[in-house]
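Okay, structure first, notes after.
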Amino acid sequence: MVSTGIVVLIAVIAAILGAVGGFFLARNWMKDYLKKNPPINEDMLRQMMMSMGQKPSEKKIRQMMQQMKNQE
């Protein structure tokens, strides 16, 4: 017979391992998701610049996108 203490210990260890494993899997999934779907794209930059009263040029948009990619 297995004592209750051992069963509880195994359950606690399994829960901790599951939480740690889930954290790292979710972190890697989110990194990949954000790499494929960046939170800011060129259209959003154009809209932000227009709302600030600036005229968005293609050169300025590309420059800003490149700066954001370099920060990664």
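The values are calculated or read from the model by the stated rules, or taken from the named source; none is laboratory data. Treat the numbers as computed from the prediction; the structure is a model and nothing was measured. So basically every Cβ, Gly included, is an ideal-geometry build from the backbone, and we count neighbours across all protein chains shown. Please note that ligands, DNA and RNA were not included when accessible areas were found on the heavy atoms of the full protein model with its side chains. Shrake-Rupley method; radii C 1.70, N 1.55, O 1.52, S 1.80 Å.
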Specify the residue that is surrounded by the fewest Cβ atoms within 10 Å (Cβ to Cβ); the eligible residues are those in the stretch 34-51 that are touching a helix residue (DSSP H, G or I) at 6+ places or on another chain (Cβ under 7 Å) and of a type in the set (D, E, K, R). GLU42
For a quick check of your reading of the model, give me the residue pairs whose first member lies in the stretch 28-54 and is of a type in the set (Phe, Trp, Tyr), whose second is outside any helix (DSSP H, G or I) and open to solvent by less than 90 Å² (accessible area, probe 1.4 Å), with beta-carbon atoms closer than 6 Å and at least 6 apart or on different chains. none
Yes or no: GLN54 open to solvent by 80 Å² or more (accessible area, probe 1.4 Å) and either part of a loop (DSSP other than H, G, I, E, B) or of a type in the set (Gly, Ala, Ser) (or both)? yes
Criterion violated by ILE61 - all others in (1) β-branched (Val, Ile, Thr); (2) surrounded by fewer than 10 Cβ atoms within 10 Å (Cβ to Cβ); (3) touching a Lys or Arg at 6+ places or on another chain (Cβ under 8 Å) satisfied: (2)
